[in-house]
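Notes for the one structure printed next.
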Ligand SMILES: [Zn+2]
């Protein structure tokens, strides 16, 4: 192994720039409640000054209409409002925005558009219990359990999510499906399966850098470790099926994570491991950065079961070892090699 070292050095920690320095995302055309002929709310709506921190994607679970017209889009907005007010007994449309299969975007609940335009505050919605004062809800016309969303609709979903992320400073990673927060099929297996691509497409639109991200679990072909590393399912904080572990040793026997990087540039490295008081508090992560190997020490006794930033580093392009978990540490307890996420920034 190149440069197995005992002592770690700090590294620059990168984060996603939700508000890029480059050109602003174009403002999508959004038909206001007045434009599509909404009824007034049946009771006062709740406006709050805090900004939403995420976007929730829904499908209406209605028909996959072949009418892609503007008139049909407005009719859908009115039908949803009628249903939410007259059948559900809500004050107004539940979601903040609606996108038709023809690619028309409409305001849902009153005040959603004004708040979004201002980039400050929101109207409390009615689209997902527990998230209505935190998440902007977008209803996409149709049922996407097996059908694929029309390109016109998906394109506007990207545009809207990018604009919402820009206005509120929301990271594109904070785009979710309804089912992520409550037991529901919404937004359908197909549309839900498109959310990773949606996050990538939104990030690209926001920062102008072609977004790229990969997760390498210990079961991936891009992972390799010697037979000295055991395999465990002990901790429920693991990523995926299992994880690898090994005792510290003053020898070079790391677990490698490799990837084919799309271009030279900066990449953020994050690690996911199960934490345990018996694991190693000074686990060395050796990063094979273009300027030379850098070692970052990670405390695997804490912050388990989530992504933890190792740092942001420069790399060349192409297939390469990106980072390795080293056994060469003076700390006691197992060193853990579970999953690594690499994201172009
Ligand atoms: Zn939903």
- Of the numbered conditions (1) more than 30 Å from residue 161 (Cα to Cα); (2) not in a loop (DSSP other than H, G, I, E, B), residue 228 satisfies every one except a single condition; which is it? (2)
- Go through (1) over 13 Å from residue 132 (Cα atoms); (2) more than 16 Å from the ligand (Cβ to nearest atom); (3) within 31 Å of the chain's Cα centre (by Cα); (4) assigned to a loop (DSSP other than H, G, I, E, B) one by one and return the number of the condition residue 51 breaks. (1)
- Task: Using the structure shown, decide if residue 162 is away from the ligand (no atom under 15 Å from the Cβ), in a helix (DSSP H, G or I), surrounded by fewer than 18 Cβ atoms within 10 Å (Cβ to Cβ) and in contact (Cβ under 8 Å) with a residue 60 or more places away in the chain.
- Result: no
- Considering residues of region 201-211 that are in contact with a helix residue (DSSP H, G or I) (Cβ under 8 Å, 6 or more places away or on another chain) and in a helix (DSSP H, G or I) only, the residue modelled with the highest pLDDT: 202
- Listed residues 101, 109; which is more than 23 Å from the chain's Cα centre (by Cα) and more than 16 Å from the ligand (Cβ to nearest atom)? 101
- Item | Matching strands (runs of 3 or more DSSP E) fully within region 237-345 where at least 1 residues are surrounded by fewer than 23 Cβ atoms within 10 Å (Cβ to Cβ) | 243-246, 255-261, 265-272, 283-289, 292-298, 308-315, 318-325, 339-344
- Query: So, of the residues in region 138-153 that are out of contact with any helix residue (DSSP H, G or I) (no Cβ under 8 Å at 6 or more places or on another chain) and modelled with pLDDT of 95 or more, which turns out to be nearest to the ligand (Cβ to nearest atom)?
  - Reply: 143
- Message: Condition check: within 16 Å of the ligand (Cβ to nearest atom), part of a loop (DSSP other than H, G, I, E, B), touching a helix residue (DSSP H, G or I) at 6+ places or on another chain (Cβ under 8 Å) and free of Cβ contacts under 8 Å to residues at least 24 places away in the same chain. Does residue 184 satisfy that?
- Response: yes
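Can you tell me which residue within region 165-181, out of those that are away from the ligand (no atom under 11 Å from the Cβ) and not in a loop (DSSP other than H, G, I, E, B), is surrounded by the most Cβ atoms within 10 Å (Cβ to Cβ)? Explain how you work it out, then say what you get.
Residues of region 165-181 away from the ligand (no atom under 11 Å from the Cβ): 165-175.
Filter once more, keeping what is not in a loop (DSSP other than H, G, I, E, B): 165-168, 172-175.
Values: 165: 27, 166: 20, 167: 21, 168: 22, 172: 24, 173: 17, 174: 20, 175: 25.
Checked region 165-181; the qualifying residue surrounded by the most Cβ atoms within 10 Å (Cβ to Cβ) is 165.
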- Any chance region 88-102 includes a residue that's in contact with a strand residue (DSSP E or B) (Cβ under 8 Å, 6 or more places away or on another chain), under 21 Å from residue 187 (Cα atoms) and assigned to a helix (DSSP H, G or I)? no
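The values are calculated or read from the model by the stated rules, or taken from the named source; none is laboratory data. As the structure is a computational prediction, the values presented were derived from the model and not from experiment. Virtual Cβ from ideal backbone geometry, glycine too; neighbours counted across all protein chains shown.
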